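First up is the structure itself, then whatever we jot down about it.
The values are calculated or read from the model by the stated rules, or taken from the named source; none is laboratory data. Because the structure is a prediction, the values reported are computed rather than measured. In this analysis, Cβ positions are derived from the backbone assuming ideal geometry, glycine residues included, and neighbour counts consider all displayed protein chains.
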Amino acid sequence: MKKDIIVCKDIKKAYGVGETEVVVLKGITFSIEEGEFVAIMGPSGSGKSTLMHILGALDTPTSGEYFLDGKDVSKLSDEELADIRREKIGFVFQAFNLLPRTSVLRNVSLPLIYANMPKFEREEIAKKALTDAAFPEAFWQYHSNQISGGMMQRVAIARSLVNNPALILADEPTGNLDSKTGEIVLHTFQNLNMTQGKTVVLITHEPYVAEHADRIIHIRDGNILTDEKNNHKRLARNEKDITDDHT
Amino acid sequence: MTTRDLLEETYSAVTVNKVRSGLTMLGIVIGIASVIALVAVGQGSQASIQSSIDSLGANLVMITPGATRSVGTTLRAAAGSSETLTPDDATAIESLSNVEAVAPEVSGRYQVIYKGQNTNTSVMGTTPAYEQVRNVSIDTGNFVSDTDVSNSNRVAVIGPTVLQTLFAPSTDASATPDMAIGQTIKIKGTQFTVIGVTVAQGGSGFNNQDDMIYIPLTTAQHYLLGSTGYVTEIDVEASTQGAMTQVQNDITNLLLVRHNIADPTQADFTVLNQASIVSTASSVTSTFTTLLAAIAAISLLVGGIGIMNMMLTTVTERTREIGLRKAIGAKKNDITLQFLAESVMLTFGGGLIGVVLGWLAAVVISLVTGITTSVSIPYILLAFFVSAAIGIIFGYYPARRAAGLNPIEALRYE
């Protein structure tokens with residue numbers, strides 16, 4: 001049996017106190033196994049972003065327990081959470097969040113700076129991650145603002161891989177991309193999941209995007225609505241196939 | 001984060017927006033450069049005043065008519081109106097112990113004419129002892145002799161500035177001392193024969209010894225002043241530095257007796273020594289230097305505020321970047337250090353350029369205006385420390401603000 005990467009037990013999150021208290025998550029329980037590709041889906045205001053922040057160790061729940069890779073992170077301090085993020089989580093954001101006017105290679109190796117890794121070693125790992133994220137070598141030395149949106153997101157994916165995380169957390173990764181480049185990005189995730197066994201959690205509000213995952217968790221009003229295996233998994237095409245269509 | 005990575009990150013952050021970094025640095029550059037340049041001017045003038053006072057003569061005690069009104073000032077009634085010192089006073093002082101030489105003087109400014117040239121300059125009537133007391137060196141010819149004084153000879157010893165003014169054959173050729181010796185010049189209508197030319201001593205300001213004519217004391221009293229009984233100053237040379245206080249006291253006591261004054265506060269003369277002039281002058285110039293440094297420090301403060309302003313803007317602008325760095329595992333300290341390092345790099349770089357520019361400015365100032373400047377190493381080191389400290393002080397608040405950002409909100413920031 002595969003081990004559980006994520007175990008959430010009755011996670012609640014509330015903001016404010018007394019009269020003004022707003023309960024965003026009302027008791028979320030689920031677990032994710034190593035090597036799964038899960039989409040967390042829900043409309044805006046459903047609490048999926050809050051859940052993502054807790055899963056990503058950016059925030060802690062008001063009550064409930066959250067085990068990440070066997071470690072209880074629900075009651076850690078800010079500084080301890082930073083350690084967890086550095087060691088166990090790879091983030092991919094909707095807005096890419098790359099450092100501007102900085103080379104692709106440097107952007108990818110950035111997380112390793114905080115792990116005190118020597119520069120040479122950092123760049124070796126970054127190059128491997130870029131290859132894994134199907135980012136063309138010819139652009140490695142380009143500045144992050146000189147490449148297309150689809151490429152930028154693949155740089156961000158490569159960046160999320162360099163610390164060899166237990167979990168890749170992607171927050172609306174295709175939100176800023178057109179459907180074609182979005183598909184390439186989804187293909188990259190599927191490829192990492194299928195060929196390298198990476199655990200991927202994708203947060204999205206688009207059913208079409210969620211259908212690329214093996215399992216879809218629907219969230220609505222702070223509760224899990226459904227949590228089921230996706231029997232109609234879409235396979236995203238890679239860049240080459242898309243280009244071939246047009247020629 | 002290793003130190004090397006920190007420096008690399010900082011360098012790339014500072015160079016990303018070169019214009020803005022440059023303009024921010026400019027505040028510090030100007031601040032440090034003005035501190036260096038203005039302090040150099042202040043210290044330079046202090047040194048030049050010191051050296052021109054030293055050139056007045058060694059172990060000099062000066063007696064002037066009128067009383068000192070307060071410590072450090074030598075204001076007195078208009079010279080000449082207070083006629084209290086006589087050549088006999090000078091003769092009496094000569095017999096005091098530890099007195100090396102005594103030179104009574106009368107002086108005034110007169111029109112001096114040689115052929116077509118004329119000038120208005122200081123004419124000093126004195127005795128041969130003046131040459132020793134005031135360190136006058138003769139280039140060519142002789143100084144005023146005892147015979148000249150006793151016979152009231154109409155002879156003159158001229159300074160090099162006077163020589164050039166009167167005897168230069170044309171505007172672009174300079175005169176040699178030989179051209180003047182034996183020539184006749186007119187001072188206030190009376191003819192004098194030039195018997196000597198003094199060596200240039202330099203010096204400027206209140207006592208330019210190069211722009212001066214020396215004539216015998218008696219001659220000056222007969223032909224120029226009209227009155228005969230009084231002198232405008234008596235210069236005394238003490239035998240040693242250590243004896244100066246004793247000589248000064250002895251002179252005061254002697255003159256009080258000679259002038260029949262019982263109360264020393266009512267004295268009709270002032271005895272000054274060189275040391276007191278030096279200390280007065282240096283207290284004036286050090287106040288001047290402090291003032292200049294204070295003005296420059298204000299511009300440094302303004303520069304520091306500029307740094308803070310830019311760092312705060314940078315923190316706001318890079319909110320998302322800070323959020324990202326935190327999301328990928330940067331701790332509070334990593335962020336604080338990064339932003340502090342940026343502001344210190346800006347101020348330190350500014351300090352470095354400022355020192356170079358300030359030094360250049362000091363050199364240019366002394367070339368253009370002739371004011372002596374002296375750039376001192378302690379001030380340069382101080383400037384470096386101050387600029388680094390400004391970076392830390394004015395960068396701390398923005399850096400803490402960056403480090404304190406909530407990563408979730410920072411990542412969402414538009």
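Among the conditions (1) part of a helix (DSSP H, G or I); (2) without any contact (Cβ under 8 Å) to a residue 60 or more places away in the chain; (3) among the small types (Gly, Ala, Ser), A:Ala115 misses just one, which is (1). You will find that of B:Phe339, B:Phe348, B:Phe288, the residue that is of a type in the set (Phe, Trp, Tyr) and over 26 Å from A:Tyr114 (Cα atoms) is B:Phe288 and no other. Which is away from chain A (no Cβ under 14 Å), under 30 Å from B:Ala47 (Cβ atoms) and aromatic (Phe, Trp, Tyr), of B:Phe339, B:Phe384, B:Phe394? Sole residue among the options that is away from chain A (no Cβ under 14 Å), under 30 Å from B:Ala47 (Cβ atoms) and aromatic (Phe, Trp, Tyr): B:Phe384. For B:Thr190, indicate whether it is over 24 Å from B:Ile234 (Cα atoms), surrounded by 14 or more Cβ atoms within 10 Å (Cβ to Cβ), among the hydroxyl-bearing types (Ser, Thr, Tyr) and without any contact (Cβ under 8 Å) to a residue 60 or more places away in the chain. Considered against the rule, which asks whether it is over 24 Å from B:Ile234 (Cα atoms), surrounded by 14 or more Cβ atoms within 10 Å (Cβ to Cβ), among the hydroxyl-bearing types (Ser, Thr, Tyr) and without any contact (Cβ under 8 Å) to a residue 60 or more places away in the chain, B:Thr190 comes out as yes. Within the stretch A:77-116, the set of residues being more than 9 Å from chain B (Cβ to nearest Cβ), polar (S, T, N, Q) and under 19 Å from B:Glu409 (Cβ atoms) comprises A:Ser77, A:Gln94. Scanning the stretch B:300-331 for residues that are away from chain A (no Cβ under 14 Å) and either aromatic (Phe, Trp, Tyr) or surrounded by fewer than 18 Cβ atoms within 10 Å (Cβ to Cβ) (or both) turns up B:Leu301, B:Val302, B:Ile305, B:Asn309, B:Leu312, B:Thr313, B:Thr316.
Among the residues of the stretch B:3-22, those that are in contact (Cβ under 8 Å) with a residue 40 or more places away in the chain and of a type outside the set (Asp, Glu) comprise B:Leu6, B:Leu7, B:Thr10, B:Tyr11, B:Ala13, B:Val14, B:Arg20, B:Ser21. The combined condition, being within 30 Å of A:Lys48 (Cβ to Cβ) and either out of contact with any helix residue (DSSP H, G or I) (no Cβ under 7 Å at 6 or more places or on another chain) or within 14 Å of another protein chain (Cβ to nearest Cβ) (or both), is not fulfilled by B:Gly370. When A:Ser144 is tested against (1) at the interface with chain B (Cβ under 10 Å from one of its Cβ atoms); (2) modelled with pLDDT of 90 or more, only condition (1) is not met. Helices (runs of 4 or more DSSP H) fully within the stretch A:148-247 that include at least 1 residues being at pLDDT 90 or above and small (Gly, Ala, Ser): A:149-161, A:179-196, A:207-210. Do the conditions hold for B:Val355, that is, is it in contact (Cβ under 8 Å) with a residue 60 or more places away in the chain, of a type outside the set (Asp, Glu) and either surrounded by 20 or more Cβ atoms within 10 Å (Cβ to Cβ) or touching a Phe, Trp or Tyr at 6+ places or on another chain (Cβ under 7 Å) (or both)? When the stated conditions are applied, B:Val355 passes them.
If you check A:Leu110, A:Leu105 for being touching an Asp or Glu at 6+ places or on another chain (Cβ under 7 Å), crowded, with 17+ Cβ neighbours inside 10 Å, aliphatic (A, V, I, L, M) and closer than 25 Å to B:Asn17 by Cα, only one passes: A:Leu105.
Across the stretch A:71-102, the qualifying residues are those that are within 10 Å of A:Ala57 (Cα to Cα), β-branched (Val, Ile, Thr) and within 17 Å of the chain's Cα centre (by Cα), and the one among them that is surrounded by the fewest Cβ atoms within 10 Å (Cβ to Cβ) is A:Ile84.
A:Leu105: at pLDDT 90 or above and either over 18 Å from the mean Cα position of the chain (by Cα) or assigned to a helix (DSSP H, G or I) (or both), yes or no? Against the criterion (at pLDDT 90 or above and either over 18 Å from the mean Cα position of the chain (by Cα) or assigned to a helix (DSSP H, G or I) (or both)), A:Leu105 qualifies.
When B:Ser374 is tested against (1) surrounded by fewer than 18 Cβ atoms within 10 Å (Cβ to Cβ); (2) closer than 17 Å to B:Leu340 by Cβ; (3) of a type in the set (Ser, Thr, Tyr), just one condition goes unmet, and that condition is (2).
Among the residues making up the stretch A:120-137, those that are touching a Ser or Thr at 6+ places or on another chain (Cβ under 8 Å) and at negative phi are A:Arg122, A:Glu123, A:Ile125, A:Ala126, A:Ala133, A:Glu137. Are any of the residues in the stretch A:52-69 over 15 Å from A:Ile6 (Cβ atoms) and modelled with pLDDT under 90? No.
Take B:Thr3 and tell me if it is within 26 Å of B:Ile380 (Cβ to Cβ) and modelled with pLDDT of 90 or more. So B:Thr3 fails the test. When each of A:Ser63, A:Ser31, A:Ser46 is tested for being of a type outside the set (D, E, K, R), in contact (Cβ under 8 Å) with a residue 12 or more places away in the chain and crowded, with 19+ Cβ neighbours inside 10 Å, the lone residue that passes is A:Ser46.
Scanning the stretch B:127-144 for residues that are in a loop (DSSP other than H, G, I, E, B), out of contact with any helix residue (DSSP H, G or I) (no Cβ under 8 Å at 6 or more places or on another chain) and free of Cβ contacts under 8 Å to residues at least 60 places away in the same chain returns a single hit, B:Asn142.
Among the residues of the stretch B:324-343, the one identified as touching a Pro at 6+ places or on another chain (Cβ under 9 Å) and closer than 9 Å to B:Ala402 by Cα is B:Phe339. Within the stretch A:9-43, the set of residues being touching a helix residue (DSSP H, G or I) at 6+ places or on another chain (Cβ under 8 Å), under 28 Å from A:Lys233 (Cβ atoms) and assigned to a strand (DSSP E or B) comprises A:Ile11, A:Leu25, A:Ile28, A:Phe37, A:Ala39, A:Ile40, A:Met41.
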